[in-house]
Amino acid sequence: MGGISLTSKPAILDLVKKRIIILDGGMGSLLIDQGLPPGMPPEFWNISNPENVQACHKNYFDAGSDVVFTNTFGGSRLKLMAHKHGHSIEEYNKKAVELVKGICPEHGYIAGDIGPSGAFLPPVGTITVEEYFRNFLEQARYLSDAGVDFFVVETMVDVKEAEAAVKAIREISSLPILASMTYKKTKRGYFTIMGNSVSECVKILEEAGADIVGANCTLGSDEMVDLVPLLKKETNLPISVKPNAGQPQLVNGKTIYNTTPQDFTRDIMLMIEAGANLVGGCCGSNPEFIKEIAEKVKG
Amino acid sequence: MVDNSEYKEAIVSGNIPKAKELAQKAVADKLDINKVIDTFSEAIREVGDLFEEGEYFLPELMRSAEAMKAAMAILTPVIAEGKDKRTSARVVIGTIEGDIHDIGKTLVASMLSAEGYEVYDLGADVPIDDFINKAIEVDAHLICISALLTTTMLGQKKLIDSLKEKGIRDKYKILVGGAPVTKKWTEDIGADGTAENAISAVKLAKKLLE
């Protein structure tokens with residue numbers, strides 16, 4: 001077939017050996033700024049307001065992101081059913097990938113994003129590991145069919161749920177998997193709210209088949225700096241960090257995050273020094289943060 | 001004679017069958033039920049301290065709360081028959097409309113019922129009118145409104161405004177909770193308080209209802 005040239009961007013796991021990779025920043029908080037109503041799952045906008053979603057992705061690539069995460073964080077059956085949107089899982093996920101594809105630059109990467117199901121194992125909830133697995137298997141299949149470059153499992157509080165998600169992806173795909181937990185800082189160190197330690201999470205996720213491990217959300221950038229050496233100590237895999245831009249505050253009816261792009265980037269640079277290989281932002285961060293990081297990282 | 005250590009251990013280790021067994025034994029042996037409950041309460045506070053110290057996490061906290069609830073389910077009816085009735089305030093709790101996050105709310109509900117409160121947990125994504133109707137129906141003392149999103153937090157204000165419009169705001173104490181809730185927000189909307197976590201929430205509820 002003459003005339004069609006496939007782009008030859010390196011695989012993400014090769015690129016990460018050569019340089020720091022810039023991820024994207026917050027998505028939900030950006031969509032809310034654009035008018036996503038309270039209680040509406042952000043995935044719904046993939047269908048109803050595709051231009052808003054796509055503009056966010058494009059702004060991130062323009063700001064310097066190498067990778068953009070699809071707008072599918074809450075796109076699994078369990079999560080969408082809780083929002084009474086269980087009927088459109090396939091549509092929401094496939095459309096999400098198409099939206100990134102539509103604006104993805106030649107050397108950009110599309111990460112199929114998978115977040116927590118919102119359901120918990122006993123004694124906190126009543127779900128089973130098998131149900132977790134089926135939930136993520138379905139979503140991973142839609143993302144894989146639509147064509148992503150790699151997968152992201154993020155913001156997990158229970159390593160058993162994260163493990164089920166990684167295994168489900170592995171069941172149907174050999175693409176790289178980035179698995180990221182959300183930790184809180186306690187007097188005894190960093191743990192998920194389920195009590196999983198950094199060492200336990202890294203070990204289990206690595207065994208399940210993750211290619212990149214990391215941390216995102218909950219912690220502000222300043223609080224996440226000390227977590228990176230702990231991750232580094234536990235693994236030789238590349239490390240990913242996506243902290244929040246401080247803690248959200250509601251001022252005069254508007255959500256404000258008090259960390260500036262400059263403060264945030266200073267912390268990100270410290271994390272890179274400590275061994276982080278993929279860097280970006282979570283809640284409260286926006287393309288300005290990514291632009292600042294990209295300028296510092298890429299020089 | 002109540003063996004405090006055995007009672008405490010059952011709660012702190014979250015041993016539900018053991019907590020039930022001890023509660024049944026206490027009733028059968030005609031022990032002073034108020035003292036038994038005090039011992040259990042002391043244990044659940046110890047669990048709370050362990051949680052705040054980062055020794056315990058959600059699963060341990062839930063297990064202990066369940067053990068406490070199981071014991072209280074046996075002990076409370078006995079107390080109700082007796083003459084020295086303990087106060088058991090009624091609480092209506094839920095996550096506000098548009099918000100499906102319910103883990104924090106469920107934890108507060110469990111801890112409150114573990115402490116002997118009569119808890120009406122309405123679940124998540126609860127319309128404002130449902131909160132109010134339930135509070136009127138059960139003649140609640142306390143309403144707890146949870147919101148995890150800065151967008152749904154506005155529902156906490158709307159609920160309080162609606163109570164004011166109906167002229168019944170002062171019939172209830174109101175606690176608001178959720179990650180983005182601050183002291184300032186609590187004051188701005190005219191709630192009676194907020195707490196960092198489930199343990200502090202229970203302490204605050206007690207103080208408000210004294």
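The values are calculated or read from the model by the stated rules, or taken from the named source; none is laboratory data. Just so you know, these numbers come straight off a predicted model, no measurement behind them. Cβ: placed from backbone, ideal geometry, glycine included. Neighbour counts: every protein chain shown. Just the protein is used for accessible areas: all its heavy atoms, side chains included, with ligands, DNA and RNA removed. Shrake-Rupley method; radii C 1.70, N 1.55, O 1.52, S 1.80 Å.
The Rg/Rh ratio of the stretch A:8-298, with Rg taken over Cα atoms and Rh as the Kirkwood radius over Cα pairs, comes to 0.93.
Cross-link partners for residue B:25 among the aspartates and glutamates, with Cα-Cα distance under 13 Å and sequence neighbours closer than 8 places in the same chain left out: B:3, B:6. The C-alpha atoms of the stretch A:1-109 occupy a region whose extents along the principal axes are 44, 33, 24 Å, arranged from largest to smallest.
Rounded to the nearest whole Hz, the Karplus-based 3J(HN,Hα) values (6.51 cos²θ - 1.76 cosθ + 1.60, θ = phi - 60°) of the stretch A:142-154 follow the sequence 5, 5, 5, 4, 6, x, 9, 8, 7, 10, 10, 10, 9, with x at glycine and proline.
Screening chain B for whole DSSP H helices with an alpha carbon extent of at least 15 angstrom along the helix axis and a mean Kyte-Doolittle hydropathy of at least -1.0 yields B:16-28, B:33-52, B:58-81, B:103-114, B:128-138, B:154-165, B:198-209.
Across all directions, the average projected area of the convex hull around the alpha carbons of the stretch A:136-255 is 8.7 nm².
Can you give me the C-alpha center-to-center distance between the stretch A:176-207 and the stretch A:75-151, rounded to a whole angstrom? One Cα centre to the other: 21 Å. By accessible area, using a 1.4 Å probe on protein heavy atoms only, the stretch A:1-155 has 55% of its surface on carbon and sulfur.
Based on Cα atoms of the stretch B:38-120, Rg over Rh with Rh as the Kirkwood radius reads 1.01.
With q set to 0.05, 0.09, 0.11 Å⁻¹, the log10 of I(q)/I(0) for the protein assembly as shown, from the Debye formula over equal scatterers at the Cα positions, is -0.21, -0.67, -0.96.
When both bridge partners sit in the protein assembly as shown, DSSP labels roughly 15% of those beta bridges antiparallel. Take every pair of alpha-carbon atoms less than 8 Å apart whose residues are at least six positions apart; their mean separation over the length of chain A yields a relative contact order of 19 percent. Among all the aspartates and glutamates, which ones have a C-alpha under 16 Å from residue B:183's C-alpha, if same-chain residues fewer than 8 places away are not counted? Those aspartates and glutamates meeting the cut-off are B:192, B:196. With no solvent and one equal point scatterer per Cα, compute the Debye intensity ratio I(q)/I(0) for the stretch B:1-65 at 0.30 Å⁻¹ and report its log10, rounded to two decimals. Result of the Debye calculation: -1.30. Residues whose amide H falls under 5 Å from that of residue B:95, counting only those 5 or more places apart or on a different chain, are B:123, B:124, B:125, B:126, B:146, with hydrogens built in the peptide plane.
What the Cβ-Cβ distance of residue B:42 and residue B:130 gives, at R0 = 35 Å and to the nearest 0.05, is a FRET efficiency of 0.50. Note on residue A:57: accessible area approximately 0 square angstrom, rounded to 10, probe 1.4 Å, nucleic acids and ligands left out. For residue A:131 and residue A:174, what is the calculated FRET efficiency with R₀ set at 22 Å and r taken between the beta-carbons, to the nearest 0.05? It comes to 0.35. Compactness check for chain B: Cα Rg over 2.2 N^0.38 Å is 1.04.
Take chain B with all the other protein chains still there, run a 1.4 Å probe, and you get 46 Å² of accessible area per residue. For the chain pair B and A, the buried solvent-accessible surface (1.4 Å probe, both sides summed) amounts to about 2000 Å². Using θ = phi - 60° in the Karplus curve 6.51 cos²θ - 1.76 cosθ + 1.60, the 3J(HN,Hα) couplings for the stretch A:156-169 round to 7, 9, 10, 5, 5, 5, 4, 4, 4, 5, 4, 5, 5, 4 Hz; x is entered for Gly and Pro. Rounded to the nearest 20 debye, the dipole magnitude of the stretch B:1-143 is 600 debye, with +1 charges on Lys and Arg beta carbons, -1 on Asp and Glu beta carbons, and the Cα centre as origin. Start at zero, step by 5 Å, and the Cα-Cα distances of the stretch B:162-210 spread as 5, 20, 28, 24, 16, 6, 1 percent across the bins. Here the stretch B:72-210 exposes an accessible surface that is 50 percent carbon and sulfur, computed with a 1.4 Å probe and the other protein chains kept in place.
Which pairs, out of A:203/B:18; A:187/B:69; A:17/A:94; B:105/B:203; A:79/B:166; A:9/A:203, put more than 24 Å between their alpha-carbon atoms? Distance filter (> 24 Å) returns A:203/B:18; A:187/B:69; A:17/A:94; A:79/B:166; A:9/A:203. In this Cβ point-charge picture (+1 for Lys and Arg, -1 for Asp and Glu), the protein assembly as shown has a dipole of about 280 debye about its Cα centre. At a threshold of 20 Å², the residues of the stretch B:174-205 that become less accessible to a 1.4 Å probe in the full protein assembly than in their chain on its own are B:180, B:182, B:185.
Residues whose amide H comes within less than 5 Å of that of residue B:102, counting only those at least five positions distant or on another chain, are absent (H built at 1.01 Å from N in the peptide plane).
The share of alpha-carbon pairs in the stretch A:48-161 lying farther apart than 16 Å comes to 59%.
Placing dummy labels 7 Å off each Cα toward the beta-carbon, the span from residue A:34 to residue A:55 is 0.6 nm. Rounded to 0.05, the FRET efficiency of the residue A:203 and residue A:48 pair, given R0 = 51 Å and the Cβ-Cβ distance, is 0.75. Heavy-atom surface analysis with a 1.4 Å probe gives the stretch A:182-297 a carbon and sulfur content of 49 percent of its accessible area. Taking packing as the residue-averaged number of other Cβ atoms within 10 angstrom, the listed peptides B:26-37, A:68-79 run from highest to lowest as A:68-79, B:26-37.
Per residue, the accessible area of the stretch A:61-112 comes to 38 Å², computed with a 1.4 Å probe over protein heavy atoms only.
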